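The values are calculated or read from the model by the stated rules, or taken from the named source; none is laboratory data. Quick caveat, the model's predicted, so the values are computed rather than measured. Cβ placement follows ideal geometry from the backbone for every residue including glycine, while neighbour counts extend to all protein chains displayed.
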Amino acid sequence: MSVKQAPPMTQHPDLWELRDRFERVAETPTAQLVDGLTVLAGLYVALSPWIVGFTGGQPRLAINDLIIGLGIALLGVGFAWAYGRTHRISWICPLLGVWTIVAVWVMRAAGASTGTVASNVISGVVVVLLGLGAMATGLGRSTRARA
């Protein structure tokens, strides 16, 4: 008795339809705005130690912000460039925003100035909201398409 093998998942017709749907979502003005603002927010977080002028006693926080900010910017570029392939990791963006908020206290930045704390909290909140927007953009369109 011969058992018929199912085609590999990469050739499943529903997969191509789903990717096409997410690519159409990425072309909407709302998605493009969210993606662009995510890149800008990430670049701000990365450069904030030099923009705000973190004091010399906070090198770990400056390096943290640089790495996290570049990660956020790369996520934004990924969403803009290939949303159909990166939508599954859009949940990472709000987590990076939350980390940006709490990093000042978790890393125990000695003598963190009011500007440092405000910069991390405000930019973290912005990144959380943009990440939730990226997640909602994909979810909202795909659920409407099923209905």
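Okay, here's what the table says:
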read-out: Of residues in segment 27-67 being surrounded by fewer than 20 Cβ atoms within 10 Å (Cβ to Cβ) and of a type in the set (D, E, K, R), the one modelled with the lowest pLDDT; value: E27
read-out: Those residues of segment 41-54 which are aliphatic (A, V, I, L, M) and in contact (Cβ under 8 Å) with a residue 24 or more places away in the chain, in sequence order; value: A41, L43, V45, A46, I51, V52
read-out: Tabulated pairs, segment 122-139, first closer than 13 Å to Q32 by Cα and surrounded by 19 or more Cβ atoms within 10 Å (Cβ to Cβ), second among the small types (G, A, S) and modelled with pLDDT under 90, C-beta under 6 angstrom, 6+ apart or interchain; value: A134/S90; T137/A31
read-out: Residues (in a loop (DSSP other than H, G, I, E, B) and aromatic (F, W, Y)) located in segment 95-125; value: none
read-out: Test: residue in segment 74-91 that is under 11 Å from the mean Cα position of the chain (by Cα), modelled with pLDDT of 90 or more and not in a helix (DSSP H, G or I); value: yes
